[in-house]
Amino acid sequence: MTSVVIVGSGFTGFECARGLQRRLRRHHSDVKVTIISPIDYMLYTPLLPDVAGGLVDGRFVTVPLAGTLPGVRAIRGRVETIDLSGHTLRYLDPEDRSHEVAWDRLVLTPGSVTRLFDIPGLATYARGLKSVAEALYLRDHFLEQLELASIDDDPAVAAGRRTVVVVGASYSGTELVVQLRALADAAAKQMDFDPASVRFVLMDLAEQVMPEVGEKLGKAAMGVLRARGIEVRLGLTLKEVHADHVVLSDDSRLDTRTVAWVTGVTAAPLIETLGLPTEKGRLTVGRDLRVPGHPEVFSAGDAAAVPDLTQPGKITPPTAQHAVRQGKALARNVAAGLGYGTPKDYRHRNMGLVVDLGPRYAVANPLNIALSGFPAKVVTRAYHLQAIPRAVNRWAVGLAWLTDLMFPRTVVSMGLSTQEDAQFAASEGIPMPKAD
Ligand SMILES: Cc1cc2nc3c(=O)[nH]c(=O)nc-3n(C[C@H](O)[C@H](O)[C@H](O)COP(=O)(O)OP(=O)(O)OC[C@H]3O[C@@H](n4cnc5c(N)ncnc54)[C@H](O)[C@@H]3O)c2cc1C
């Protein structure tokens with residue numbers, strides 16, 4: 001029996017598995033589809049800042065593979081090696097046992113991981129925002145620091161506990177800092193301390209916040225950040241990270257115990273083990289999403305350098321918008337390679353971006369129409385509600401937002417994710433840099 005194996009259950013792998021199975025079912029095909037991923041769900045990453053801010057429950061942003069991919073075999077494991085000529089791969093299950101799987105068609109969608117730099121202490125003390133474990137840890141850790149600050153006798157130590165540093169002022173870093181600000185405001189009211197005593201510093205090497213949304217909306221976002229008392233420091237990054245402070249690239253020191261590193265992503269480590277050509281670290285693919293020289297291997301999403309046919313010479317940016325559409329294109333082209341339907345080149349014009357800036361604010365540029373304030377908030381929330389690929393999740397997220405409008409935000413640190421769970425190595429599968 002012919003076997004298609006999909007590596008990774010993110011936006012791209014999930015959409016590919018769903019679309020492919022539907023196509024195969026329509027043709028009464030007996031081709032076997034398997035998806036292998038270290039997690040048993042597809043993660044709706046755009047709402048991770050809401051999870052970190054205690055607004056949305058972690059479960060609500062996970063779409064389980066069980067029940068949503070009928071007919072697809074889901075295997076829990078991390079693919080370690082791929083034999084391109086022998087058509088096999090090996091994966092490690094959650095108990096670190098190694099297994100071999102044979103494939104006739106291989107779809108590589110392992111996505112991306114946080115891009116780390118050789119900054120002393122970064123991998124040990126900073127946390128990213130690419131997984132539920134990281135989002136939950138940031139919420140719990142930050143609230144715990146606020147609780148500890150209220151019993152600290154030394155005002156300098158308490159001030160450090162009440163300082164949050166977010167590095168990376170693109171949309172995810174900006175959304176994170178405003179959600180943590182909202183959480184701090186709720187905590188201040190309920191725990192009876194001055195919200196202004198909690199300091200937020202959003203930092204980036206770039207000279208603009210959220211360059212993705214253009215200058216006009218970037219300025220609008222900057223206005224919201226300032227109004228919320230968030231310090232924005234541009235042209236700066238981290239030089240060292242310690243347990244209780246950071247040293248900035250201008251050699252100044254900032255006392256803090258909460259550092260979020262959200263500066264961008266790089267292709268999943270699996271990609272560089274293949275020994276195949278890459279562009280900016282992403283696997284080179286053709287316009288039909290096939291890997292050149294390996295017609296039975298496909299790739300797309302954050303892991304792949306997909307040519308952007310709407311902007312010749314460029315590759316598509318690593319966004320969910322492209323990932324979802326590339327997943328659908330993969331389903332079509334893989335099915336076509338098996339004799340069902342015709343293949344098509346991937347082509348998609350950018351539809352704009354929505355950025356939630358916390359209570360009452362957002363910026364968005366749907367179809368290149370610049371929106372800010374309340375209209376942007378409505379568009380942003382409506383967009384997410386239709387984009388989450390499961391009705392139960394849409395319902396739960398919608399109710400969580402409604403609850404937040406009607407009741408004070410729940411301020412609890414449940415310890416669901418430990419420091420170790422949230423380390424880059426454990427939560428994203430990034431090998432630890434030797435410098436640490
Ligand atoms: C906080 C945050 C907010 C974002 N907000 C937006 C937004 O508002 N709009 C937007 O367009 N984009 C947004 N993005 C970007 C978007 O999430 C990515 O572009 C998208 O997730 C890419 O999908 P993917 O399937 O290629 O990869 P991923 O979503 O990274 O999924 C990859 C999958 O592969 C698995 N995997 C990795 N390695 C292996 C392996 N060796 N073996 C097996 N499985 C493996 C992973 O566990 C994961 O399940 C955001 C990203 C983040 C982190």
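So, by mean Cβ neighbours within 10 angstrom, what's the order for 48-55, 160-167 with the highest one leading? Write out the running numbers ahead of the final one.
Values: 48-55: 27.1, 160-167: 24.8.
Descending packing order for the listed peptides: 48-55, 160-167.
Can you classify the chain as rounded, prolate or oblate using the Cα gyration tensor, where a ≥ b ≥ c are the square roots of its eigenvalues, rounded means a/c under 1.5, and otherwise it's prolate if a/b beats b/c and oblate if not? Here the chain falls in the prolate category.
Using the 1.4 Å probe convention, the accessible area of the stretch 122-207 works out to 34 Å² per residue with neighbouring protein chains retained.
Computed in the context of the full set of protein chains, the accessible area of the chain at 1.4 Å probe radius has 53% of its extent on carbon or sulfur. Think of the chain as having a plus end and a minus end, set by charges on the Cβ of Lys, Arg, Asp and Glu; of ALA335, ALA382, LEU283, ALA335 sits farthest toward the positive end of this dipole. Applied to the stretch 28-33, the Karplus parametrisation 6.51 cos²θ - 1.76 cosθ + 1.60 on θ = phi - 60° returns per-residue 3J(HN,Hα) values of 6, 7, 9, 4, 9, 10 Hz, with x for Gly and Pro. For the stretch 238-341, the spread of Cα positions along the three principal axes, ordered from largest to smallest, is 61, 28, 25 Å. A probe of 1.4 angstrom, applied to the heavy atoms of all protein chains, finds THR263 with accessible area near 50 square angstrom.
Taking all protein chains as shown and a probe of 1.4 angstrom, VAL379 keeps an accessible surface of around 50 Å². Restricted to Cα atoms, the stretch 254-411 shows a radius of gyration and a Dmax of 19.5, 61 angstrom.
With only Cα atoms counted, the stretch 92-160 has Rg and Dmax values of 19.7, 65 Å.
DSSP beta bridges confined to the chain are antiparallel in about 50 percent of cases.
For the residues ARG226, ARG381, a 1.4 Å probe over the protein chains yields an accessible-area ranking, largest first, of ARG226, ARG381. Amide H to amide H distances under 5 Å link GLY264 with ARG115, where only residues 5 or more positions off or on other chains count and H is placed in the peptide plane. Here the stretch 298-436 is treated with +1 on each Lys and Arg Cβ and -1 on each Asp and Glu Cβ, and its dipole about the Cα centre works out to around 660 debye. The string of couplings for the stretch 254-269 from the Karplus curve (6.51, -1.76, 1.60, θ = phi - 60°) is 9, 7, 6, 10, 10, 10, 9, 10, 10, 8, x, 10, 9, 4, 3, x Hz, one whole number per residue in order, with x for Gly and Pro.
Rounded to the nearest 20 debye, the dipole size of the chain about its Cα centre is 2120 debye, using +1 on the Cβ of Lys and Arg and -1 on the Cβ of Asp and Glu. For the stretch 221-260, the solvent-accessible area with a 1.4 angstrom probe is 42 square angstrom per residue. Where both bridge residues fall in the stretch 11-161, DSSP classifies roughly 75% of the beta bridges as antiparallel. Work out the P(r) tail for the stretch 319-436: percent of alpha carbon pairs separated by more than 19 Å, whole number. The share of Cα pairs beyond 19 Å in the stretch 319-436 comes to 69 percent. Where both bridge residues fall in the stretch 84-221, DSSP classifies roughly 50% of the beta bridges as antiparallel. Couplings 3J(HN,Hα) of the stretch 195-208, computed from phi: x, 5, 6, 8, 9, 10, 10, 9, 10, 7, 6, 5, 9, 9 Hz, in residue order, whole Hz [Karplus 6.51 cos²θ - 1.76 cosθ + 1.60, θ = phi - 60°; x for Gly and Pro].
Between ALA362 and LEU357, GLY373, LYS377, the built amide H atoms are under 5 Å apart, and every one of these is 5 or more places off in sequence or on another chain. Taking amide hydrogens as placed 1.01 Å from N in the peptide plane, the amide H of ALA304 sits under 5 Å from those of LEU283, each at least 5 positions away in sequence or on another chain. Taking every protein chain into account, the accessible area of the stretch 332-432 amounts to 55 square angstrom per residue (probe 1.4 Å). Normalising by residue count, the stretch 1-92 has a Cα convex hull of 107 Å³ per residue. Over the stretch 126-231, the hull volume per residue, using the convex hull of the C-alpha atoms, is 102 Å³.
The values are calculated or read from the model by the stated rules, or taken from the named source; none is laboratory data. Note that this is a predicted model, so its numbers are computed, not measured. Note: ideal-geometry Cβ built from the backbone for every residue, glycine included; neighbour counts use all protein chains shown. Calculation scope for accessible area: heavy atoms of the full protein, side chains included, ligands and nucleic acids excluded. Shrake-Rupley method; radii C 1.70, N 1.55, O 1.52, S 1.80 Å.
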